[in-house]
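Working notes, structure below.
Read-outs: derived from the displayed coordinates by stated rules, not from any lab. Since this is a predicted model, take the numbers as computed values, not measurements. With ideal geometry, Cβ positions are generated from the backbone for all residues, glycine too; neighbour counts draw on all protein chains shown.
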């Protein structure tokens, strides 16, 4: 009997590895190998364009600790993540719930909120440079119309990063909305109907039924949103190049600057590895706290 | 070449790759492709493949990445500031002798030729030079009763104050915007106008009194509320076209776009002087790779020479707004007509007599970023002028030393 | 919890409640429109600006006196944009690249996600974290090594160079794993009792049920790679194999301020196929729920 069990377990294990194999082959070649190389590079003086590398030991990491700009960039990145992720996901959740119905016109709404995801970042960045123009930009005109003070947005080191956050809510809410919408469709509708008949308010239904039911997807969206927010690069690159006064310089842009503009691959690798360790820690924390509270419909 | 010889030569066809950025407008891509088709049609035995490589930055990165794997393109067109970067990688073919036995040293305008010279050796043929100039809104000047563009820093300050328009607290129009993202380039112009080239081959000199004075002047204008403390490169050009600023420092490369897209008459003037006129060269030379066969080097020189010949430079200049590099190009009747039609181009041309290479130090990219950040923080009031420039100078010089130490090991 | 609320509607009251709820739902719909319509308009403003600007002359774009709409719609921006680069060829390449990536990803993520969601094996958590590394590690730190790898494989300046680095997707695996775990295990138990093996269960039970997720992933994957700029720029040289965003880059990365009307015309050209695809697929996306039998 137990031998049978062992045999089934072994069969299941072999099947699992076989199913993972295709992914692992590609990941090994194009993700793990670069990471291994990056660890190796980070211990060396590596100049982009020069095949020779020189051993440095921990010097790149020590440099990082004393790099004033690195700490500023880390702060900017944290600010961006802590504002853009909760705001876009909250907006996405409300949009998804509002659009999860069979009413007429919903298809148009869905397209209206999703299309920003499709605009190439080069073009989207340029359009927002125009929208944010202090002198004649529509956003400042609207602020004046509402009786609010005008802002210098991208020209002001205090407002440039918030400006990019606002733009990213426009750009990414639709993206999270689509994923959440897919999850909402899997929530059995009788649950809602029943609660509605019991006179439970829409807000309570959202908190006590909808959110627990889609918690696996919400969990996914929070993790992916956080990881993606660390990768923000395009808008900084197109709109501000990290300025003014480094106020919009974020980690991926800083890594790009060091590796490709300054040719300092060793230091860029050290930055990337530091980021990886940081993110791994963060994800560990999220999965230990949020992950435990996720309720999977298919599992008892 | 006699037709009978063709088959033999065809067997020895030399293939060249040429990587170039597109800096002014998409049409440049078509113009460059057209030039290359013409070259290929008229030169047996050489086939050039033109590779669009993005912006100046992207182009440099693409070339350097291919250098790292030992397969550089035959030629590329980077920004002139990258000269020391490529020399540090031992990537450039020295073309001094060929150029001297040719007419390059006689016919190229000195300031342009100089952007590809290091230690008296020539490493490229200047192809599309540009400098910053002062663009001004002639309608706004007329309304304010100002007849002429300012010629000195003091006049610039007065003019900017006079042209700034406020409605209560609300700013309607700035007097002056210095194109952000490249404001370090303009700043070097200010240093030159104040009598200092703020770098040497192995260090930067931003902590000298001349530089400090230049930044202090910017700070005065910002504090007086007549100059924007920061901007972006795209945004500042838009601001000018939309009438949000009366004056703008931007590249001569923008001339055609600003002239044709602004709903008012655009004036172009020298950047105002202090002790002297002065500007730094932007734009770049065509460089030739060292790591390739002699036949390729020879063909590459032929191609670079052809791209910068009198007729091609004249045509290129008229099509793009970049300045022609040859004296003989400017003497052609077409160019004389062009100058009558677009007198603004002449200003840019004349200013280039007072210009020199831009920040040709090792680690120039990092140097640029550090300087831009220091300028931004000063103008935002976060640091004092002197302290900002002193620490930026210190940081960059340490980085240059680090890079040079590394190059000596290699 | 509310989930445990036993549902015991009063039989007599049911028709009235249903009537009331129908009426309420209609009202709720109206009320929603009041909020959604202005919000959607706000969201659409940049798109409207893109479309309008693509029909202006460059002098009109920034002229405060010119008004919001062009005096005469200048459709010639479109042919003039297309003349900058071989956009037709770029379009074909973009389609080849994005659809190949998607096809590859759908295979790899389906297999891997099933293993993570439904099979037990040693090292599961470690392996899952390893999959997520792909999403965590900054892309610019892997560019150089991947360029060198592709060169050694002889793939630089070929179409596969834009495809192979993206065939595996930690992102997609994670997304699909979450959906698989939502599928009631009773369904697969029943299939197993009928004698189905794992692959059959995956094919006949799981995949039909997670169609919405597959479509959502597909849309996101296509959008991401359709708009990718830096990597294709680095690994390709020939016009013959380049993709649409590189054509767009010609109009945007200007020394001289952007070529606004043509950049916006180019944007419209690049986005249109995606927009059409989305409108079609979001129909499919909604329909797919009908087939799942869940709703």
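Structure values in brief
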{"read-out": "Chain A, helix-only ellipticity at 222 nm - DSSP H runs n ≥ 4, -39,500 (n - 2.57), divided by all residues, nearest 500", "value": "-21000 deg cm²/dmol"}
{"read-out": "Ascending count of other beta-carbon atoms within 10 Å, so fewest first, for B:398, A:205", "value": "B:398, A:205"}
{"read-out": "Computed Kirkwood radius, in angstrom, where 1/r is averaged over Cα pairs of the protein assembly as shown", "value": "30.6 Å"}
{"read-out": "Along each principal axis, Cα extent of the stretch B:91-190, largest first, Å", "value": "64, 28, 21"}
{"read-out": "In degrees, nearest ten, helix B:310-320 long axis to first principal axis of chain B (Cα)", "value": "40 degrees"}
{"read-out": "Viscosity 1.567 mPa s, temperature 4 °C, Stokes-Einstein D of the stretch A:71-206 from Kirkwood C-alpha radius, µm²/s", "value": "75 µm²/s"}
{"read-out": "The stretch C:84-292: translational diffusion in µm²/s, Stokes-Einstein, Kirkwood Rh over Cα pairs, 10 °C, 1.306 mPa s", "value": "82 µm²/s"}
{"read-out": "Degrees, to the nearest 10: B:183-193 long Cα axis against longest axis of chain B", "value": "80 degrees"}
{"read-out": "R0 of 25 Å, Cβ-Cβ distance residue A:53-residue B:197: FRET efficiency to nearest 0.05", "value": "0.15"}
{"read-out": "Geometric extent, Cα atoms of the stretch C:190-247 - Rg, Dmax (angstrom)", "value": "19.4, 56"}
{"read-out": "Label-point separation, residue A:142 to residue B:382 (7 Å along Cα→Cβ), nm", "value": "2.8 nm"}
{"read-out": "Calculated FRET value between residue B:166 and residue C:125, using beta carbons and R₀ = 56 Å, to 0.05", "value": "0.35"}
{"read-out": "Over the stretch A:175-269 - Rg/Rh using Cα atoms and the Kirkwood inverse-distance radius", "value": "1.28"}
{"read-out": "Convex hull per residue volume in Å³, alpha carbons only, for the stretch A:234-300", "value": "142 Å³"}
{"read-out": "Neighbour-count ranking [beta-carbon atoms within 10 angstrom, fewest first] of C:126, C:210, B:266", "value": "C:126, B:266, C:210"}
{"read-out": "For the stretch C:176-223 and the stretch B:367-410, distance of Cα centres in Å", "value": "57 Å"}
{"read-out": "Distance from the stretch C:64-123 to the stretch B:55-89 (C-alpha centre basis), Å", "value": "30 Å"}
{"read-out": "Ranking of C:236, B:252, A:289 by count of other Cβ atoms within 10 Å, fewest first", "value": "A:289, C:236, B:252"}
{"read-out": "For chain B, alpha-carbon Rg relative to the globular expectation (2.2 N^0.38 Å, N residues)", "value": "1.02"}
{"read-out": "Simple label model, 7 Å out from Cα along Cβ direction - residue B:341 to residue B:103, nm", "value": "2.4 nm"}
{"read-out": "Stokes-Einstein diffusion coefficient of the stretch A:1-61, Kirkwood radius over Cα pairs, 25 °C, 0.890 mPa s, in µm²/s", "value": "163 µm²/s"}
{"read-out": "Surface/4 estimate of mean projected area, convex hull on alpha-carbon atoms of the stretch B:110-263, nm²", "value": "10.5 nm²"}
{"read-out": "Pairs of alpha carbons in chain A whose separation is greater than 30 Å (percent)", "value": "50 percent"}
{"read-out": "The stretch C:61-193: projected area of the alpha-carbon convex hull, averaged over directions, in nm²", "value": "15.3 nm²"}
{"read-out": "Rounded to 10°, Cα long-axis angle of helix B:153-163 versus longest principal axis of chain B", "value": "70 degrees"}
{"read-out": "Spin-label model distance (nm) - residue B:138 vs residue C:153, 7 Å beyond Cα toward Cβ", "value": "5.9 nm"}
